Every structure is written in C-alpha cells, then in structure tokens.
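For reference, the structure discussed in these notes is given below.
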Amino acid sequence: QVQLVESGGGLVQPGGSLRLSCAASLINFSIRTMGWYRQAPGKQRELVASITGGRTTNYADSVKGRFTISRDNAKKTVYLQMDRLKSEDTAAYYCNVVNSNNSWGQGTQVTVSS
C-alpha cells in the first residue's frame, strides 16, 4: 500500500516562504514522476508542479518563478519550496505520482494571510 505523508504547511504572511515535504513509500520511487497538487475550498484539485525521474520539472503558470520542486531519491522524498507566497496560494497541498490511481495522503494546509 502506497503511503504519502505531507508536512511543512502553516500560516505565512504574503511574500513569505514555506518548504513542503512529502515522504513516499513507493517501489521504484526514483523513476516515478512526482507531483505536488493543491485544492482550495470549493475548487478542484490542481497540479502545480511535477518532477520526473530525470529531474525535469514543470510548473503551473500561476506558480512559475515562485515555486521550486525537487526530490531526494535516497530519502524517497519530494519537496516544494514556495517563495513570494500570495493569498491565492492558500490551499491544502498534496503529493502523488502523476497520473496514478494512488490514494491521497492527508495533505498539509498552507494559509497565506496577513
């Protein structure tokens, strides 16, 4: 059974930074394309960043230039560095294998507010 454990969320002022972590119990983690998703109240879950096994990254336009996704294959962990946070970044953040049917973890809440 896949386990995904997200952490690092919290309350931060606009313009601030947070670093999210996701520990994944996945076979062949190093070759999986991993993604960070977010879901704001009343909205659908959206993919904001992804990283391939070869460390090619992609970002949603809304976060490009502000968020950075990375991975540590030895620790089976994927990270999301979030800088210059905006109120519209407020959401629950989740990680998962991109385009998989894996169940979701509990997520980590990010609230950007003054």
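The values are calculated or read from the model by the stated rules, or taken from the named source; none is laboratory data. Everything numeric here is computed off the predicted structure, so don't read it as measured data. Here Cβ is always computed from backbone atoms with ideal geometry, including for glycine, and neighbour counts include all displayed protein chains. Each accessible area value is taken on the protein alone, full model and side chains, heavy atoms only, with ligands, DNA and RNA left out. Shrake-Rupley method; radii C 1.70, N 1.55, O 1.52, S 1.80 Å.
Overview of results
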{"quantity": "Number of positions in the stretch 64-111 that are out of contact with any Ser or Thr (no Cβ under 8 Å at 6 or more places or on another chain), over 16 Å from G35 (Cβ atoms) and hydrophobic (A, V, I, L, M, F, W, C)", "calculated": "1"}
{"quantity": "Qualifying residue in the stretch 98-105 (condition: farther than 20 Å from Q1 by Cβ and either open to solvent by 40 Å² or more (accessible area, probe 1.4 Å) or in contact (Cβ under 8 Å) with a residue 40 or more places away in the chain (or both))", "calculated": "no"}
{"quantity": "Flag for D83 being over 19 Å from G9 (Cβ atoms), at pLDDT 95 or above and acidic (D, E)", "calculated": "no"}
{"quantity": "Cross-chain or 6+ apart pairs with Cβ under 6 Å, the stretch 53-64 first and without any contact (Cβ under 8 Å) to a residue 40 or more places away in the chain, then open to solvent by 70 Å² or more (accessible area, probe 1.4 Å) and aliphatic (A, V, I, L, M)", "calculated": "G53/I31"}
{"quantity": "Test: R71 is within 14 Å of the chain's Cα centre (by Cα), among the basic types (K, R) and closer than 17 Å to Q106 by Cα", "calculated": "no"}
